[in-house]
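*Asks:* Let me give you the structure first, and then I'll get to my questions.
The values are calculated or read from the model by the stated rules, or taken from the named source; none is laboratory data. Every value quoted in this text rests on a predicted model; they were computed, and no experiment measured them. For neighbour counting, all protein chains shown are included, and Cβ atoms are generated from backbone atoms with ideal geometry for every residue, glycine included. The area values use the complete protein model at the heavy-atom level, side chains included, leaving out ligands, DNA and RNA. Shrake-Rupley method; radii C 1.70, N 1.55, O 1.52, S 1.80 Å.
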Amino acid sequence: RAVAKAGPKYKVKVRVAGHEGAIYIDLCNKKGQAVEVTAGGWHVVDNPPVRFRRTRLMAPLPEPKEGTIDALRRFCHVTDEDWPLIVGWLVAALRPEGPYTVLSMEGRPGSAKSTMARVCKALVDPSTAELTAEPNNVEDVMLQAFKSWAVAYDNLSKLDQRLSDTLCLLCTGGSYSRRKLYTTEDQTTFSVKNPVVISSVKGVITARDLVDRSLLITLPRFEEGEKRLSEREFDVDFAKAYPAIFGALLDGVASA
């Protein structure tokens with residue numbers, strides 16, 4: 001009986017990969033393109049030298065254009081003191097190796113924390129499910145981390161010790177094993193290391209080890225009479241600026 005020869009094996013990555021001193025970011029478009037980032041700058045390539053794994057959760061990044069990071073400022077309802085932390089998290093989230101941090105948007109209802117989290121998620125790892133609700137268990141967190149690059153949770157009202165520990169593990173790297181379906185002994189193991197962004201009420205992150213791994217952003221209240229865009233107006237304006245903002249972030253990655 002003929003035996004098929006084993007084919008070549010390749011390491012696969014989700015969204016971001018490093019290769020020979022360059023960083024490759026999967027645009028996740030139909031052309032199979034990626035952005036190659038080096039110390040000399042960035043450009044779009046049609047055939048990246050790394051293999052990417054795509055999942056149903058992933059959505060395309062825009063083809064980047066030249067721009068400045070100031071274009072992002074009008075979409076971020078944060079103080080001037082916290083603004084550099086937002087930019088720093090975004091640039092760091094496009095590195096192929098961790099450890100990473102939790103970007104925590106805290107604030108009262110109506111402070112645009114969900115919108116802020118949605119913008120940050122879209123700039124590093126857009127998804128068909130932009131933000132998800134509080135996870136039910138550790139396995140849910142690990143599966144989402146395995147299927148995407150940046151893990152995002154919206155409007156958390158509490159964070160028990162086990163989920164807090166799991167978010168710590170996501171930032172610094174770790175593994176999770178479970179029994180394969182329809183077997184008694186075989187195990188499936190997920191190895192993860194992901195940037196994390198959450199929006200929550202104030203005071204959700206309290207465990208010291210997670211505090212040490214987090215950037216805690218408290219969003220200011222909108223002033224009385226301050227003009228606010230409707231969600232539709234915001235989305236239209238952001239879509240126009242999206243490619244240039246992404247290009248500006250790539251400039252930051254190249255510089256770093």
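*Asks:* Pairs of alpha-carbon atoms within less than 8 angstrom and 6+ residues apart define the contacts here; what relative contact order does the range 1-120 have, in percent?
*Replies:* Normalised by residue count, the contact order of the range 1-120 is 20 percent.
*Asks:* Considering only ARG51, ARG208, ARG221, give the residue with the highest GNM mean-square fluctuation for the chain, with springs between Cα atoms whenever their separation is below 10 Å.
*Replies:* Residue with maximal mean-square fluctuation among ARG51, ARG208, ARG221: ARG208.
*Asks:* So, taking all protein chains as they sit and a 1.4 Å probe, how much accessible area belongs to THR79, in Å² rounded to tens?
*Replies:* Rounded to the nearest 10, that gives 50 Å².
*Asks:* LEU156's amide H: which non-local residues (gap 5+, or another chain) put their own amide H closer than 5 Å, with H modeled 1.01 Å from N in plane and none for Pro or chain starts?
*Replies:* Residues meeting the criterion, in which the H sits 1.01 Å from N, are SER199, SER200, VAL201.
*Asks:* Keeping all protein chains in the complex and leaving out DNA, RNA and ligands, what accessible area do you get for LEU216 with a 1.4 Å probe, in Å² to the nearest 10?
*Replies:* LEU216 exposes around 70 Å² with every protein chain in place.
*Asks:* Over all alpha-carbon pairs of the range 68-132, lay out the pair-distance distribution in 5 Å bins, whole %, shortest bin first.
*Replies:* 3, 15, 28, 28, 19, 7, 1
*Asks:* So if I place +1 on the C-beta of Lys and Arg and -1 on the C-beta of Asp and Glu, and nothing else carries charge, what would the dipole magnitude of the chain be about its Cα centre? I want it in debye, nearest 20.
*Replies:* 1180
*Asks:* How big is D for the range 4-91, in µm² s⁻¹ as a whole number, if Stokes-Einstein is applied with the Kirkwood radius of its Cα pairs at 37 °C and 0.692 mPa s?
*Replies:* After rounding, the answer is 214 µm²/s.
*Asks:* Relative contact order for the range 61-142: what percent, with Cα pairs under 8 Å and sequence separation of 6 or more?
*Replies:* That works out to 31 percent.
*Asks:* OK, next. Could you pull the accessible area for MET58 with a 1.4 Å probe, rounded to 10 Å²?
*Replies:* 20
*Asks:* With a length cut of 18 Å (Cα positions projected on each helix's long axis) and a Kyte-Doolittle mean of at least 0.0, go through the chain and give me the DSSP H helices that pass.
*Replies:* What comes out of the filter, once short or polar helices are dropped, is 231-255.
*Asks:* Could you tell me the distance between the Cα centroids of the range 197-248 and the range 146-176, to the nearest Å?
*Replies:* Between the Cα centre of the range 197-248 and that of the range 146-176, the gap is 19 Å.
*Asks:* Among DSSP beta bridges lying fully in the chain, give the percent that are antiparallel, nearest 5.
*Replies:* Here the antiparallel bridges make up roughly 55 percent for the chain.
*Asks:* Let me ask another. Under a no-solvent Debye model with one identical scatterer per Cα of the range 1-50, what's log10 I(q)/I(0) at q = 0.24 Å⁻¹?
*Replies:* Values returned for q = 0.24 Å⁻¹ are -0.89.
*Asks:* With contacts defined as alpha carbon pairs under 8 Å and 6 or more residues apart, what's the relative contact order of the chain in percent?
*Replies:* Once normalised by length, the contact order is 26 percent.
*Asks:* Under a plain spin-label model, where a point goes 7 Å from the Cα along Cα-to-Cβ, how far apart in nm are ARG228 and ARG208?
*Replies:* In this crude spin-label approximation the distance works out to 3.8 nm.
*Asks:* Still on this structure, please answer the following. Which pairs in the list LYS31/LYS227; LYS121/LYS202; LYS11/LYS158; LYS9/LYS158; LYS9/LYS65; LYS9/LYS30 are over 32 Å apart, alpha-carbon to alpha-carbon?
*Replies:* Checking Cα-Cα distances, LYS31/LYS227; LYS11/LYS158; LYS9/LYS158; LYS9/LYS65 exceed 32 Å.
*Asks:* Continuing with this model, one more query. Given the chain, report the % of alpha carbon pairs whose separation exceeds 28 Å.
*Replies:* 36
*Asks:* Additional query: Among the GluC sites (Glu not before Pro) within the range 28-87, which fall in a DSSP loop and have no more than 15 other Cβ atoms within 10 Å of their own Cβ? Before the final figure, lay out the partial values.
*Replies:* On the way: sites: GLU36, GLU66, GLU81; in loops: GLU66, GLU81.
Taking the range 28-87 and a limit of 15 other Cβ atoms within 10 Å, the loop GluC sites (Glu not before Pro) found are GLU66, GLU81.
*Asks:* Here's a follow-up. Along the charge dipole of the chain, which of LEU169, SER255, SER157 sits closest to the positive end, that is, farthest toward it, with unit charges on the beta carbon of Lys, Arg, Asp and Glu (+1, +1, -1, -1)?
*Replies:* Farthest towards the positive pole: LEU169.
*Asks:* Using the 2.2 N^0.38 Å rule of thumb for compact globular proteins, work out how the range 99-147 stacks up: its C-alpha Rg over that value, please.
*Replies:* 1.25
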